[in-house]
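The values are calculated or read from the model by the stated rules, or taken from the named source; none is laboratory data. Quick caveat, the model's predicted, so the values are computed rather than measured. Because the Cβ atoms are built from the backbone with ideal geometry, glycine has one as well, and the counts that use them run over all protein chains shown. These area figures cover heavy atoms from the full protein model, side chains too; ligands, DNA and RNA do not enter into them. Shrake-Rupley method; radii C 1.70, N 1.55, O 1.52, S 1.80 Å.
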Amino acid sequence: MTTLVAPSLHIDALKDKLERRHALVGVVGVGYVGLPLAVEKAKVGFGVIGYDRNPIRVDQIKQGLNYIRDVDDRELAEAVECGKLNASTDFSSLGKCDCIVICVPTPLTANKEPDISYIRHVAGEIAKHLRPGQLVSLESTTYPGTTEDVLLPILSRSGLKVGEDFFLSFSPERVDPGNARYTTKNTSKVVGGVTAACLEVAACFYSQTIETVIPVSSPRVAEMTKVFENTFRAVNIALVNEMALLCDRLGVSVWEMLDAASTKPFGIMRFDPGPGVGGHCIPLDPFYLAWKAREYDMNVRFIELAGEINWTMPYFVREKIMRALNGIGKSINGSRIFVLGVAYKRDIEDWRESPALKVIDLLGKDGARIDYYDPHVPSFTDEHDVMWHSTPLSSDTLERADAVLILTDHSSVDYASVVEGASLVVDTRNATKLVRDGRDNVVML
Ligand SMILES: NC(=O)c1ccc[n+]([C@@H]2O[C@H](COP(=O)([O-])OP(=O)(O)OC[C@H]3O[C@@H](n4cnc5c(N)ncnc54)[C@H](O)[C@@H]3O)[C@@H](O)[C@H]2O)c1
């Protein structure tokens, strides 16, 4: 089935709706990426429906209740109250939307291969309801080629023609959770369209809420840009982690070295070592690229090597704890270890893929008795499906611990009191850097 309407009429009609903020936007997958996007669009006047297969999230949105830290509670509640934002588990109304943005997860399989089943599933649902004049934009991070080789064939089952009847683009999300300076609005957005018309419509859609839109020549370039950005971080974090391993052997403080190196006014960019990498991006996305590269007879060695080093870090933290306890005549087995922070980075509540989980698992297997405190993570479930609950941070808990292990440097923690109250502190994040005196009991990564 093809329509008899001239393609330019679809473009003009959609652009006009976008510019007048009359378009209805569907956001599929309202998590860390989708919910901020949905609220941002509703705030400027678009009607927005958030689609999710998780009925709890949908109910929360319907009640105006926020569950993502980077979203402002009041802005979400207001958007729902004034009828601009709604949510649904039922995909049958997708046909009403003028623009559909896909923000579903892209995890790895157990064998560390891309799992794009979520994208495929959503694409199938959209194809059932696709109508002329719609824009579909993929934001989930994925390997180069997904939009054109996976998404497009599924959407084309509708009989509609891309660039003429409907428009398709890829625009990677660059959100940095917890970053107050760079938000969805002032972080520039790369956009690639399958055709020139797709790019024109997608750029118009994004420029309604984002200050700077960066058009590129194809979805492939946009997909590659996103995975390169995350690979860049993964590789640089691995480099500095390897330096931490070397500095440990040399008896040099990696933190002091980094402070000194960072004084160079050009040619250096600071990355800090730590207990490993976490979150939904850095540990996963580079492997999407490595997997794709193998199809082209290439092993992207930097990625494999960076993964190898970053995965080593929880084991190195275990070794550090073991040596620190050994220094006071104790072993991991039977020791009480109090973990400070399980989120994968400072001041956020996300513990997905957090290296803290691996460290806790390793220490538990060695017989440690572990409690944790995280002001942002009241509870989490480990890989054995055991639920953990945060223990209050008090002078008692510090005193009782044989070692306090800092795995996340949340800014609300009073590290001077931690150093003062604990008999031994192992600091993997340089969280205690401002504690100048009485730090003989502190062991740094
Ligand atoms: N979190 C980040 O900081 C970040 C940053 C940039 C890019 N990304 C990428 O964005 C994508 C989404 O990540 P996220 O962190 O928002 O994930 P998330 O898990 O927070 O949210 C995804 C949502 O999609 C829903 N979902 C899953 N399958 C669905 C389906 N078939 N239909 C409808 N809804 C479905 C889930 O229930 C969930 O609410 C991923 O590709 C990720 O790599 C994430």
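Looking across the range 285-303, the residues that are within 13 Å of the ligand (Cβ to nearest atom) and open to solvent by less than 10 Å² (accessible area, probe 1.4 Å) come down to Asp285, Pro286, Tyr288.
Within the range 47-57, the set of residues being within 22 Å of the chain's Cα centre (by Cα) and crowded, with 19+ Cβ neighbours inside 10 Å comprises Gly50, Tyr51, Asp52, Arg57.
Restricting attention to the range 328-339 and to residues that are in contact (Cβ under 8 Å) with a residue 24 or more places away in the chain and out of contact with any helix residue (DSSP H, G or I) (no Cβ under 7 Å at 6 or more places or on another chain), the residue that is most open to solvent (accessible area, probe 1.4 Å) turns out to be Asn333.
Within the range 40-69, can you find the residues that are closer than 14 Å to Cys99 by Cα, within 14 Å of the ligand (Cβ to nearest atom) and free of Cβ contacts under 8 Å to residues at least 40 places away in the same chain? Listed by number, the list holds a single entry, Gly50. Would you mind stating whether Gly29 is under 20 Å from Gly95 (Cα atoms), out of contact with any Asp or Glu (no Cβ under 7 Å at 6 or more places or on another chain) and within 14 Å of the ligand (Cβ to nearest atom)? Against the criterion (under 20 Å from Gly95 (Cα atoms), out of contact with any Asp or Glu (no Cβ under 7 Å at 6 or more places or on another chain) and within 14 Å of the ligand (Cβ to nearest atom)), Gly29 does not qualify. Sort out which residues of the range 332-359 are over 25 Å from Ile68 (Cβ atoms) and of a type in the set (Val, Ile, Thr), and write them in order of number. Correct list: Ile332, Ile337, Val359. A single entry from Asp73, Asp115 fulfils the requirement of being modelled with pLDDT of 95 or more, charged (D, E, K, R), within 15 Å of the ligand (Cβ to nearest atom) and open to solvent by 30 Å² or more (accessible area, probe 1.4 Å): Asp115.
Scanning the range 222-238 for residues that are in contact (Cβ under 8 Å) with a residue 40 or more places away in the chain, hydrophobic (A, V, I, L, M, F, W, C) and either within 16 Å of the ligand (Cβ to nearest atom) or out of contact with any Phe, Trp or Tyr (no Cβ under 6 Å at 6 or more places or on another chain) (or both) returns Ala222, Met224, Val227, Phe228, Ala234, Ile237, Ala238.
When the residues of the range 128-165 are filtered to those that are of a type in the set (Asp, Glu) and more than 13 Å from the ligand (Cβ to nearest atom), which remaining residue is surrounded by the fewest Cβ atoms within 10 Å (Cβ to Cβ)? Checking each candidate, the answer is Asp149. Taking the criterion of being away from the ligand (no atom under 11 Å from the Cβ) and open to solvent by 50 Å² or more (accessible area, probe 1.4 Å), the residues of the range 169-190 that qualify are Ala180, Arg181, Tyr182, Thr183, Lys185, Asn186.
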